[in-house]
Every structure is written in structure tokens, then in C-alpha cells.
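The next block holds one structure in the form of C-alpha cells; read it before the comments.
The values are calculated or read from the model by the stated rules, or taken from the named source; none is laboratory data. None of these values were measured; they are calculated from a predicted model. Here the Cβ positions follow ideal geometry from the backbone for every residue, glycine too, while neighbour counts run over all protein chains shown.
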Amino acid sequence: MITLDWKERLIQDCHDFFERKIPQDDYDFDIIYNAYPQRKDNKIPIDVITLVATTLASKMIKRHRDFVPFCDYIWKNKGLNGKIVFVCIINKFLKKDFSFYFEYVQKYLFQLSDPNEINLLLDKIFLPIFKKQPLENIDTMVFWLQKNNEKINPSVSKIIIRIGKTDKNFFVKFTEKLEKKWSEANPDFAKICGYFLKQLSKVDYNRYLDFYKNYQSSRDPIIVEILTLALVQYDDFIYQAYENWGKSGNARLKKTAIAGLKFLKKRKP
């Protein structure tokens with residue numbers, strides 16, 4: 001809890017920093033709270049950081065694009081506190097110019113390799129957007145997964161599963177959107193498609209089973225590989241489909257079918 005006198009001082013110092021330091025390209029905002037006496041685990045309390053961030057954002061909002069260099073600087077040079085301030089400011093700016101700042105932060109996301117930084121952007125900026133309008137953002141999620149970024153995909157997948165647990169319709173629509181990409185999937189993306197189809201079985205087993213029914217006559221090895229990656233349990237219908245695929249003259253399809261049959265036989269009652 002910030003005392004009233006310190007709150008007033010921090011706000012005033014934010015105003016001074018905005019008026020005197022930023023115009024001189026002095027972006028070291030920690031000067032605002034360095035004198036703050038209380039520490040938590042030897043660190044400035046988070047409510048002090050967020051107060052500084054929201055106060056600066058309120059001063060910047062009218063000319064928000066002028067302060068993109070400030071945002072760049074604090075993300076790259078001011079450690080964890082800088083990243084926290086960055087997130088607070090960008091969330092304010094998104095309300096003014098959504099398309100510009102969504103693209104801006106998306107570029108940052110795909111330049112990162114640190115899981116903590118990736119999760120910070122995903123959890124604090126993108127997750128609230130996706131949760132508010134999940135169906136409208138399906139294309140973005142699929143686009144991200146198609147990039148096959150091994151640093152980002154695990155965290156993005158967790159977000160999709162998280163939203164899907166509370167929104168069955170979203171998860172079904174998301175899986176259907178992935179389906180449209182199946183025939184062009186490379187091995188990495190095929191694994192992603194298989195993973196999400198498998199997750200669909202936990203949300204809506206009947207809809208999951210529909211995918212096998214719809215593709216029972218397919219002879220596309222990629223599609224059958226995805227279906228095989230998504231196998232979860234024995235089913236008479238699925239077993240019959242794999243027996244038919246196992247008779248194929250296509251070596252790749254036959255190999256996949258044999259692997260699927262081996263899985264199913266182990267789980268046959």
C-alpha cells in the first residue's frame with residue numbers, strides 16, 4: 001500500500017520526468033522511484049511500478065506514437081521493471097490505435113527467445129485480447145502456430161487450451177480452422193494439428209470423431225498422419241478406417257496406418 005504522501009510525490013515526479021527528461025531523450029524512468037524507501041524482496045513493490053507506468057501513460061496518450069522510442073528503450077534496457085512499465089503503457093495505447101500496437105508488440109514477440117519475456121507479452125497483452133474476442137482472433141492464433149516458432153508455440157498452445165476450456169465453441173472453431181491447413185502442413189505443423197485434434201477429444205468427443213468419419217476415404221498421407229498423431233483410444237469405426245488405409249499401395253500412407261493400428265490394438269478392450 002503506497003502512502004498518500006508518496007503517491008503524490010511519485011505522480012509529481014512522473015510529471016516532471018515527462019516534461020523535462022523525455023524531451024531530452026532521457027528515458028531512465030527509475031529515477032522517479034529510486035528514493036522510495038520500502039522494498040519487497042529487495043525490489044521496488046509492483047504497485048509503485050504500475051503507478052509510475054499508468055501515470056506516464058496518461059501523459060503520453062494524446063501523442064502516443066511519439067513515445068514509441070521510449071517504449072523501445074525501456075523494454076530493451078530497463079530490465080524487468082522496464083518490461084512491466086512497457087506492458088502497462090502498451091495496454092493503454094492499444095485502446096487508441098489497436099492495429100498499430102498489436103502489430104508492434106507482435107514483432108517483439110517473434111524476436112524473443114526468453115520464455116519469461118514471451119509469457120509476459122502473451123499473458124499481459126495478448127491473452128486479454130484473445131479472451132475478449134476469441135473467435136475474431138482465431139486467424140491470428142493459427143498464423144502464429146504456422147510460423148513453427150519453437151520458443152513461442154508452447155506458450156501460445158497453452159493460451160489456446162486455456163481459452164478452450166471455458167469456451168467449447170471457440171475450441172471447435174479453432175480446430176476446424178486448423179483443418180483447412182492440414183493438406184499443406186509440414187511435419188512440425190502436422191504435430192501441432194494432431195495435438196489440438198487430440199485436445200478436442202477432451203472437449204467434444206463426438207466432434208473429434210467426426211474428423212475421422214470425414215476423412216475415412218482420404219488417401220492423403222499428411223492428413224492420415226495428423227489423425228494418427230491425434231489418436232486417444234480404441235474405437236471400432238476408427239479401427240476399420242485404419243485397416244482400410246493399411247491396404248493402401250502408398251508406402252507412406254500404409255506405414256502410418258500400421259502405426260495407427262498398433263496403437264489401437266494396444267487399447268482394444
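The condition of being surrounded by 19 or more Cβ atoms within 10 Å (Cβ to Cβ) and in a loop (DSSP other than H, G, I, E, B) holds for only one of 197, 227, 231, that being 231.
When segment 1-49 is filtered for residues that are assigned to a helix (DSSP H, G or I), hydrophobic (A, V, I, L, M, F, W, C) and farther than 20 Å from residue 63 by Cα, the ones remaining, listed by number, are 4, 6, 10, 31, 32, 46, 48, 49. Residues of segment 125-180 that are closer than 27 Å to residue 218 by Cα and polar (S, T, N, Q): 146, 148, 169, 175. Checking the structure you have, find out if any residue of segment 31-38 is at pLDDT 95 or above and surrounded by 14 or more Cβ atoms within 10 Å (Cβ to Cβ). For segment 31-38, residues at pLDDT 95 or above and surrounded by 14 or more Cβ atoms within 10 Å (Cβ to Cβ): present. For segment 95-103, the criterion of being touching a helix residue (DSSP H, G or I) at 6+ places or on another chain (Cβ under 8 Å), surrounded by fewer than 17 Cβ atoms within 10 Å (Cβ to Cβ) and basic (Lys, Arg) is satisfied by at least one residue. Residue 165 passes every criterion in (1) buried (at least 19 other Cβ atoms within 10 Å of the Cβ); (2) over 23 Å from residue 83 (Cα atoms) apart from (1).
Quick one: which helices (runs of 4 or more DSSP H) lie wholly within segment 89-133 and hold at least 2 residues that are under 14 Å from the mean Cα position of the chain (by Cα) and farther than 17 Å from residue 159 by Cα?
Details: elements: 98-109, 115-121, 127-132.
Here the list reads 98-109.
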